[in-house]
Amino acid sequence: MPTSVPGASSRRGFTLIELLVVLLIMGLCAGLVGALVRPDDRAVLRVEAERLAELLDLAATEARLSGITVAWVADAAGYRFWQLREDTGWTEPREDSLRARSLPPGVAISGLRIEAMQPPGGMRLEFGPHGSLAYDLQMSLGEARYAVVASPLGEVRILESPHASR
């Protein structure tokens, strides 16, 4: 004998359609939040400045250990490294770590100073096998500013420029 009255149902839980609609709405909200939340300019620039500082330090170390002069050259789109070999002249390094790299959109490298002077040849550093090079260069993205600085002792670090907004 049935215990329920026809037409009156005792509904418990949710239907499959209702669950799918809720999951769809939650997925859309999560996707929207993920698209809106992106690293700020300072975080993006700091990562790029750290990468460049490490690569410049690697190039200086490579020059000292191998006895081969290593050059770093930058333009608006990115930067690359070169090695001066006696038999072939300036060539791209064989090491993948010193490959050419593109700058993230909006990042600019400017204000290179070598031994506290402006270099005559533009954005170019040469690391020789003997001694260290003191230099600083400015990087910017929007209002964010960082400097990559190397001391005469070969210590490379990044500093937040005083002109950066907080």
Quick one: Leu20 ticks every box in (1) touching a strand residue (DSSP E or B) at 6+ places or on another chain (Cβ under 6 Å); (2) more than 30 Å from Ser161 (Cβ to Cβ); (3) without any contact (Cβ under 8 Å) to a residue 24 or more places away in the chain except a single one, so which number is it? (1)
Of all residues in the stretch 114-160 being surrounded by 14 or more Cβ atoms within 10 Å (Cβ to Cβ) and of a type in the set (Ser, Thr, Tyr), the one that is nearest to Ala63 (Cα to Cα): Ser132
Can you pull out every residue in the stretch 45-68 that is surrounded by fewer than 18 Cβ atoms within 10 Å (Cβ to Cβ) and not basic (Lys, Arg)? Val47, Glu50, Glu54, Asp57, Leu58, Thr61, Leu65, Ser66, Gly67, Ile68
For the stretch 79-96: of the residues being within 23 Å of the chain's Cα centre (by Cα) and at pLDDT 90 or above, which is surrounded by the most Cβ atoms within 10 Å (Cβ to Cβ)? Phe81
Only one of Gly27, Gly67, Gly7 is modelled with pLDDT under 90 and on the phi > 0 side of the Ramachandran plot, namely Gly7
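The values are calculated or read from the model by the stated rules, or taken from the named source; none is laboratory data. No experiment lies behind these values; they were computed from the predicted model shown. Cβ coordinates were reconstructed from backbone atoms using ideal geometry, including for glycine residues, and neighbour counts include every protein chain displayed.
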